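Peer 1: Structure incoming, see below.
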Amino acid sequence: MAKRNRARGPEKSRRRRPKREPYDRVLIVCEGTKTEPDYFREIVSAYRLSSANVVVGSGRGSDPESVVATAVERYEEDPDYDGVYVVVDRDTHVGFASAEDRMRNAPGGLRKVAHLIPSTPCFEYWLLLHFEETAKPYAKTGRRSPCANVIRDLEVHLPSYSKGGGGTFADTRDRVEEAKARAVRRLIEAKRAGTENPTTHVHVVVERLQTLREGGTGSDP
């Protein structure tokens, strides 16, 4: 006789929700829908952070202004965050200045916890810094965008890299401290030179996640 399947009770059938831990809660909103969110989720998993404390999502549009707007909406729906990080590419976006203005004039408590995290020209420059420190400005060449040229340089060191391919943090984790130091140096040098090409602020988010359990806040130079 075939065994009857017993109906599962509501407690067993219901998925367990992640438990909020007694450290800060942060929101990360990314311009990309795969590469950047997957990268930060990999960090959350690698450092065994609770996904109830670190919420990672994507903007509703692919330009910095739309990503900032999404972060504002998410915060207004749930203002219980100690840090809100908006990860965007400068690349060839014309609306970047508007995104900066909206962050500076963010409503209420968001202004105190919001951080715009740009990369010039794009997020892949942060990955490239794991392998080399370059101050070479990136520009469009033929049909190649500035970001496509960064990716070409990155593939010299990381041939398996593909946008949205996953596993990026695992491939670069052992070099992350070098990348953080290089990112800080580049920002200092770029400020002196009066240019932001190339620079990245992604190390600020990475540092925050690395030290979240200890109450770290992450910081720019």
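The values are calculated or read from the model by the stated rules, or taken from the named source; none is laboratory data. Quantities reported herein were computed from a predicted structural model and do not represent experimental measurements. Here Cβ is always computed from backbone atoms with ideal geometry, including for glycine, and neighbour counts include all displayed protein chains. Note: areas computed on protein heavy atoms with side chains; ligands, DNA, RNA excluded. Shrake-Rupley method; radii C 1.70, N 1.55, O 1.52, S 1.80 Å.
Peer 1: Take every DSSP beta bridge with both residues inside the chain and express the antiparallel ones as a percent of the total, to the nearest 5. All intermediate terms of the calculation are to be shown ahead of the outcome.
Peer 2: Details: 3 of 19 bridges.
If we restrict to bridges inside the chain, about 15 percent are antiparallel.
Peer 1: Once the principal axes of the Cα atoms of the stretch 61-127 are found, what is the range along each, listed largest first in whole angstroms?
Peer 2: Each principal axis gives a Cα extent; for the stretch 61-127 these are 31, 24, 18 Å.
Peer 1: Moving on. State which entries of LYS34/LYS180; LYS19/LYS163; LYS112/LYS136; LYS136/LYS180; LYS19/LYS180 exceed 26 angstrom in Cα-Cα distance in the structure shown.
Peer 2: Over 26 Å Cα-Cα: LYS19/LYS163; LYS112/LYS136; LYS19/LYS180.
Peer 1: Consider just the alpha-carbon atoms of the chain and return their Rg together with their Dmax, both in angstrom.
Peer 2: Rg and Dmax of the chain, Cα atoms, are 19.3, 80 Å.
Peer 1: Residue by residue through the stretch 200-209, what is 3J(HN,Hα) from phi via Karplus (6.51 cos²θ - 1.76 cosθ + 1.60, θ = phi - 60°)? Round to whole Hz and write x for glycine and proline.
Peer 2: Values per residue, Gly and Pro as x: 8, 10, 4, 4, 5, 5, 4, 4, 4, 5 Hz.
Peer 1: Something else about it: Along its principal axes, what span do the Cα atoms of the stretch 160-221 show, with the longest given first and each in whole Å?
Peer 2: 35, 33, 18
Peer 1: Read phi for every residue in the stretch 112-126 and hand back ³J(HN,Hα) as whole Hz from Karplus 6.51 cos²θ - 1.76 cosθ + 1.60, θ = phi - 60°, with x for Gly and Pro.
Peer 2: 3J(HN,Hα) across the stretch 112-126, in whole Hz: 6, 10, 8, 9, 7, 10, x, 10, 10, x, 7, 3, 4, 5, 4.
Peer 1: Placing unit charges on C-beta atoms (Lys and Arg positive, Asp and Glu negative, everything else neutral), compute the dipole magnitude of the stretch 19-97 about its Cα centre in debye, rounded to 20.
Peer 2: Computed about the Cα centre, the dipole is about 320 debye.
Peer 1: What full-extension length gain, to one decimal in nm, is calculated for GLU21 and GLU133 as 0.36 nm per residue of separation minus the Cα-Cα distance? Mind showing how you got there, number by number?
Peer 2: On the way: separation 112, 0.36 × 112 = 40.32 nm, distance 3.66 nm.
Additional length available on full extension: 36.7 nm.
Peer 1: Just the accessible area for THR211, please: 1.4 Å probe, Å², rounded to the nearest 10?
Peer 2: 30
Peer 1: Hey, what do the phi angles of the stretch 130-144 turn into as Karplus ³J(HN,Hα) couplings, whole Hz, using 6.51/-1.76/1.60 and θ = phi - 60°, x for Gly and Pro?
Peer 2: Coupling constants for the stretch 130-144: 5, 10, 7, 9, 10, 9, 5, x, 9, 9, 6, 10, x, 8, 7 Hz.
Peer 1: What 222 nm value per residue comes from the helices of the chain, counting each DSSP H run with n ≥ 4 as -39,500 (n - 2.57) and dividing by all residues, nearest 500 deg cm²/dmol?
Peer 2: Taken over the chain, the calculation gives -12000 deg cm²/dmol.
Peer 1: About the Cα centre of the stretch 22-179, how large is the charge dipole given +1 on each Lys and Arg Cβ and -1 on each Asp and Glu Cβ? Please answer in debye to the nearest 20. Before the final figure, lay out the partial values.
Peer 2: Values: 19 positive and 26 negative charges, 64 e Å.
Approximately 300 debye in magnitude.
Peer 1: Across 10 Å bins from 0, what is the distribution of all Cα-Cα pair distances for the stretch 101-173, in whole percents?
Peer 2: Reading upward from the zero bin: 17, 39, 23, 19, 2.
Peer 1: Over the chain, what is the relative contact order in percent, taking alpha-carbon pairs closer than 8 angstrom and at least six residues apart?
Peer 2: 20
Peer 1: If you don't mind, there's one more thing I want to ask. Using modelled backbone amide H atoms (1.01 Å from N, in-plane), which distant-in-sequence or interchain residues come within less than 5 Å of ILE117's amide H?
Peer 2: The list, which skips near neighbours in sequence, is VAL86, VAL87, VAL88.
Peer 1: Would you please give the residues with an amide H less than 5 Å from that of ASN53, counting only those at least 5 places away or on a separate chain, with H modeled from the backbone geometry?
Peer 2: Here GLU21 satisfy the definition.
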